[in-house]
Amino acid sequence: MMENAWLIPLFPLLSFLILLLFGKRLKEASAYVGILLTLASLVFSILVLFERFSEPTYITKFNWLTIGDLHLTAGFEVNQLNALMLFIVSLVSFLVHTYSKGYMNGDERFPVFYAYLGLFTFAMLGLVISPNLLQTYIFWELVGVGSFLLIGFYYYKEEAKAAAKKAFIMTRIGDVGLFIGMILLFWETKSFEYSAIFAAVDAGAISGTMITLTAILIFIGAVGKSGQFPLHTWLPDAMEGPTPVSALIHAATMVAAGVYLVAALFPLFAASKTALLTIAVIGAFTAIFAASIGLVQTDIKRVLAYSTVSQLGYMMLALGSAGYVAGVFHLMTHAFFKALLFLAAGSVIHAVHTQNIEEMGGLWKKLKFTGPLFLIGTLAISGVPLFSGFFSKDEILIAAWEGGHPILFLLALIAAFMTAFYMFRLFFMVFTGEARGDQKHVHESPNNMTYPMILLGVLAVIAGYVNTPWFGSFLGDWLVDGNPALGHGHIEGPIWIMIAATVVSLAGIYFAYMMYYKRSIARNTISGTGDTLHTILLNKYYVDEFYQLTVVAFTKGLSYFLRFIDVFLVEGLVKGVVGIVQGLGRTGSKMQTGQVQTYGAVAFIGLALLAVIFALTGGYLR
Amino acid sequence: MNLHAVLTILVFSPLLGIVILAFMPKQAEKLIKVVGLLATVPALLIAIAAYLHFQWGKDLADFAVSTSWIQFRGMGGVPEPFFSVNYELGLSGFQLVLVVLTAVVATLSALAAAKFVKKEWKGYFMLFLLLEIGMLGVFTAENLILFFIFFEITLIPTFFLIGKWGYFEKEKAAYSFLIYNGLGSAVLLIVIMILFGKTGTTNIEMLTKIIADPSAPLSGDLKLGLLISLLIAFGVKLPIFPLHSWMLKVHVQAPPSVVMIHSGILLKIGAYGLIRFGMGIFPEQFKTLATLIAILGVVNLLYGAFLAFIQTDFKMVLAYSSISHMGIVLIGLAAMNEAGVQGAIFQVISHGLISALLFFLVGVLYERTDTSLIENLGGIAKGMPIAAGFLLAGAMASLGLPGMSGFVSEFMAFLGLFKELPWIAAVGTIGIIMTAAYLLRAVLGMTYGKAHREFTGVLDLRGVELIPVGVLMLLIVLIGVFPSVLSSPLQTTLETIMLGLGG
């Protein structure tokens, strides 16, 4: 089966091509094309995953591009991480395809939506089976385009247009880092193959400085894609896209690609302490930074977006603390519960036609499925014991502590408190209390929307049990498989970390409960509405404004300065050239005086010159 | 089979069209268009056949032709015949891909002209076919005199095509084109004459050998001077900053079908000349200038990109974008290794296809809406979804999206330069970001957002208009996904160049 893994990305590509060419004729049937083909991917992915449990890594490649003596290859690889990612991506994609049939029902560009979903799924699946950096980069860019197209799906909205553009350009800034890092690594090892790079790192063939430099450059690419500080601002704006897209791309899969990239290249990063520390610091900072913004946002999708940024920060912190398993584990559980949360949020939006949580409230009774499912997702992300997020977050905290980063550990713990708080704030404001908006026509979503959520709900509960301190670390042992570069399968941590994590999470829930359900603590206890702190958080620390005033202004300024040069200096040069030509012409025409004496004189002087030359050179001009 | 006549037939096949057109009445619009279009087909078929000939493992040298042509009798005391110029055509892998590109774009441009040209079709197509002869000749000529003659043949029809069928300031643009290119030609002619005088031959292969010989009658300084002159002559064409202002006018004022040719093929003559003559004949001197050329490349790349970022007319965006993309050619060449040079050649082909595609779309938009100003066009994705889709896809190709030809070339050019001059290359990567910024700003500005005005009765791409965009897009994706279709003919050329560079 593994030798056929290359088919997995091709099914959605086929869906993209079919829908691009015949979507107009297929109309609503487009959904079935997309759903069936992603189902095929899912079935293949499950088969591949099971086969990979018992068999070794499969890798194959062929010559893609010849440059003189250099042969660049393409191919695919099924190792543990890839097989797991194939499963996660094709599962979430299949569920989102199914869900969208209800959510996007009636949209004028329904087939186009499914076509774009197919393109994205193709690129994402291609990304996770790439055996070399160049191919990874190729698909890395393609997922970016899929994301760009879907963010801008409502192309007639100015906000969607701006968000799509921003997403593309900001991630591209990161991509350039990856691009440079990849090329520098190539000239060190004469290969883009992961195996060759790891072999060179192992053999000490690359200098320490170069490892650090390339690792950090590649990490910049991950920062862009995974919405890490300071390139995070595109991700919340990306919520302009349809909600199923936010679930698939901007929660479960693409934004986790940065984490995946660091994990896939882990032996390289592990060889540089500086690179690991950079990742850990950026990750921990992003985790708390984004969580604090999430505390005050009022748009349901934006709260979830900031929580995504924050959770991705956790994963980076894990990887940076050498917790390979913890990072990948959290990637998986997060994919399930965050996709669930987004789909549930979509179901809410579908019902009440607003994204503002101030206008919701009291939906628990009206949305019989969505409410409990949202609660499950909220419990999982908050790290409440026995839910999946609890186990993976615990692993990360242990990794940060054992990795010797007590300060980062503390930051992560505070962020965990904030997460529990803002997620339950969201839950209470949406589902409890009085209805604050018009809810006459509210009804539960159709089955094709609720079934995917139910499946994700089940996974959000049970996915954590593949790697627990109580029932064994099956996932970790399998992922690491004795590879010393990836660390241990399971880190034994002190029990107090688990207790501390539980306490902060419950404390967060308690505060949210008191503030937003019981209302016995006023909402402005810590910082009042209109306070400086509140205003700063509401404006997301003014990072966007800062970029506008610096990077954007500088670029524009430089452009206008160059235009000044173009208009005055370069055009001046043109005028000069034209002037010379015209001048010569005028001089020439002035010579045409009509006076025979002048002509005679010119002819005589010419003859005299020729005679002199003849006399000096002996007749032949050498 | 004797294939020596093939190239001559290829180059001069449009002549048949010119002759037929000469005898046709001016008013026979339909017939003129059909003849004009069909006259480009033989060259296309021969070019494709030659490509297949290569891919089936046969030798491109089969096509080479050489007969004696002009001879100067020696003057007193000189062994005779002193100077002889042969009629020599040939086809290396590099030339082959350029010939295919030329033939493809020429046919598609003829199709575009049949759509967009509104007057005096007879004159247009006759000049156009003459231009095609010039272009095909330039890329197959094996000696400098013949090259120069074909080079000049491209200038004259282009001048008239711009001056007569262009937009409002067409005359100004045409003269600007003529003066700059004329000066470039003059410099080129001087170089050719000095080489001819010093070595007695203009055959490119012979020249390369003679100049590589240390006992050649040329001092190092003279060679350097000649190379700098070539850099100026072809720099006008490419164009290299600050010699670019003429081409902005041409891009804006010339009719779209001519810009397809101009941006797609004519600018590429500059790159071809730099590679074949600059790097091919003066490899040693090219090495000394490598850093300078790399800097020029980065300047071109960034200068074009930053200026494209603030243009209001989409045609100007594309014009500056051409400058920017030609910077990538220089970057690749400056690397002087396999990756860089192959990247530069890929960029030549890739940009030819992409700019032909984008300018065709500009033509479509202008015909439907009478404008190419970005702000006037907002929101056309609603009325023209197919055109808007191709525009976006073209922009993606242009900004170097993997899976399309632009990425492969950009990637290889940077791969090459990072090996030799990493710091300059690192500065150049800013261009990768800026390219995305200016293209998305322009294309999203035109297609996305609210429609500023009702484009009532505006038709989307349809019928034969889908052929050029479809063919070009297919080729762009083909090269992006299977770059070996383009790289395999180039390997021998690369080997030759690398040999000249000393390994």
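Just a few scattered comments:
- Being within 14 Å of another protein chain (Cβ to nearest Cβ) and at pLDDT below 90 is a description that does not apply to B:Phe116.
- The residues listed here are B:Leu222, B:Leu230, B:Leu155; of these, the one that is surrounded by 23 or more Cβ atoms within 10 Å (Cβ to Cβ) and away from every other protein chain (no Cβ under 14 Å) is B:Leu230.
- The set of residues in the stretch B:291-334 being at the interface with another protein chain (Cβ under 10 Å from one of its Cβ atoms) and of a type outside the set (A, V, I, L, M) consists of B:Tyr303, B:Gly304, B:Phe306, B:Phe309, B:Gln311, B:Tyr320.
- Of all residues in the stretch A:178-193 being in a helix (DSSP H, G or I) and surrounded by fewer than 23 Cβ atoms within 10 Å (Cβ to Cβ), the one that is farthest from the other protein chains (Cβ to nearest Cβ): A:Thr189
- If you go through the stretch A:449-467 and pick out every residue that is without any contact (Cβ under 8 Å) to a residue 12 or more places away in the chain and not in a helix (DSSP H, G or I), you end up with 0.
- A:Thr214 of a type in the set (S, T, N, Q), over 16 Å from the mean Cα position of the chain (by Cα), closer than 23 Å to A:Gly313 by Cα and within 14 Å of chain B (Cβ to nearest Cβ): yes
- From the options B:Val258, B:Val250, residue that is within 14 Å of another protein chain (Cβ to nearest Cβ), surrounded by 22 or more Cβ atoms within 10 Å (Cβ to Cβ), part of a helix (DSSP H, G or I) and among the β-branched types (Val, Ile, Thr): B:Val250
- Unmet requirement for B:Ser487, which otherwise passes all of (1) within 14 Å of chain A (Cβ to nearest Cβ); (2) over 19 Å from the mean Cα position of the chain (by Cα); (3) crowded, with 18+ Cβ neighbours inside 10 Å: (2)
- Only a single item in (1) of a type outside the set (Asp, Glu); (2) in a helix (DSSP H, G or I); (3) more than 24 Å from A:Val567 (Cα to Cα) is not met by B:Ser215, and it is number (2).
- Evaluated against (1) within 22 Å of the chain's Cα centre (by Cα); (2) surrounded by fewer than 24 Cβ atoms within 10 Å (Cβ to Cβ), B:Ile430 falls short on exactly one condition, (1).
- Complete set of residues in the stretch B:234-245 that are of a type outside the set (A, V, I, L, M) and within 13 Å of A:Asp566 (Cβ to Cβ): B:Pro239, B:Phe241, B:Pro242, B:His244, B:Ser245
- The set of residues in the stretch B:420-444 being under 17 Å from B:Leu292 (Cα atoms) and in contact (Cβ under 8 Å) with a residue 60 or more places away in the chain consists of B:Glu420, B:Leu421, B:Ile424, B:Ala425, B:Val427, B:Gly428.
- Comparison of A:Ile59, A:Ile46, A:Ile88 shows that the only residue that is under 22 Å from A:Val328 (Cβ atoms), of a type outside the set (Lys, Arg) and outside any helix (DSSP H, G or I) is A:Ile59.
- Residue, farthest from B:Leu144 (Cα to Cα), within the stretch B:276-317, restricted to residues that are touching a Ser or Thr at 6+ places or on another chain (Cβ under 7 Å) and aliphatic (A, V, I, L, M): B:Ile310
- For beta carbons closer than 6 Å, sequence separation of 6+ or different chains, a first residue in the stretch A:47-59 that is buried (at least 17 other Cβ atoms within 10 Å of the Cβ) and a second that is at pLDDT below 85, the qualifying pairs are A:Val48/A:Met1; A:Val48/A:Met2; A:Tyr58/A:Met2.
- Every condition in (1) within 30 Å of A:Val112 (Cα to Cα); (2) not in a helix (DSSP H, G or I) holds for A:Val259 except the one numbered (2).
- B:Gly416 vs. criteria at the interface with chain A (Cβ under 10 Å from one of its Cβ atoms), surrounded by 24 or more Cβ atoms within 10 Å (Cβ to Cβ) and in contact with a helix residue (DSSP H, G or I) (Cβ under 8 Å, 6 or more places away or on another chain): yes
- Among the residues of the stretch A:459-507, just one is among the aromatic types (Phe, Trp, Tyr) and within 23 Å of A:Leu373 (Cα to Cα), namely A:Tyr465.
- So B:Leu373, is it over 16 Å from B:Val258 (Cα atoms) and over 21 Å from the mean Cα position of the chain (by Cα): yes
- The set of residues from the stretch B:454-464 being without any contact (Cβ under 8 Å) to a residue 40 or more places away in the chain and either in a helix (DSSP H, G or I) or at the interface with chain A (Cβ under 9 Å from one of its Cβ atoms) (or both) comprises just one member, B:Gly463.
- Given (1) surrounded by fewer than 21 Cβ atoms within 10 Å (Cβ to Cβ); (2) touching a residue at least 40 places away in the same chain (Cβ under 8 Å), index of the condition A:Ala196 fails: (2)
- Across the stretch B:375-383, not a single residue is classified as in a helix (DSSP H, G or I), facing another protein chain (nearest Cβ under 8 Å) and in contact with a helix residue (DSSP H, G or I) (Cβ under 7 Å, 6 or more places away or on another chain).
- Residue check for B:Gly343: under 22 Å from A:Ser191 (Cβ atoms), within 12 Å of chain A (Cβ to nearest Cβ) and touching a residue at least 40 places away in the same chain (Cβ under 8 Å): yes
- In the set (1) free of Cβ contacts under 8 Å to residues at least 40 places away in the same chain; (2) closer than 30 Å to A:Met498 by Cβ; (3) not in a helix (DSSP H, G or I), the condition left unmet by A:Leu410 is number (3).
- Total residues in the stretch B:280-302 satisfying the condition of being in contact with a helix residue (DSSP H, G or I) (Cβ under 6 Å, 6 or more places away or on another chain), assigned to a helix (DSSP H, G or I) and of a type outside the set (Gly, Ala, Ser): the figure is 10.
- For the residues A:Val112, A:Val78, A:Val33, A:Val89, the requirement of being of a type outside the set (Phe, Trp, Tyr) and within 14 Å of chain B (Cβ to nearest Cβ) singles out A:Val112.
- Enumeration of residues in the stretch A:21-66 that are basic (Lys, Arg) and at negative phi: A:Lys24, A:Arg25, A:Arg52, A:Lys61
- Across the stretch A:469-496, the qualifying residues are those that are over 27 Å from the mean Cα position of the chain (by Cα) and buried (at least 20 other Cβ atoms within 10 Å of the Cβ), and the one among them that is nearest to A:Ala400 (Cα to Cα) is A:Ile491.
- Note on the stretch A:128-150: residues that are hydrophobic (A, V, I, L, M, F, W, C) and within 11 Å of chain B (Cβ to nearest Cβ) total 9.
The values are calculated or read from the model by the stated rules, or taken from the named source; none is laboratory data. Note that the structure is a prediction, hence the values are computed from the model and not measured. With ideal geometry, Cβ positions are generated from the backbone for all residues, glycine too; neighbour counts draw on all protein chains shown.
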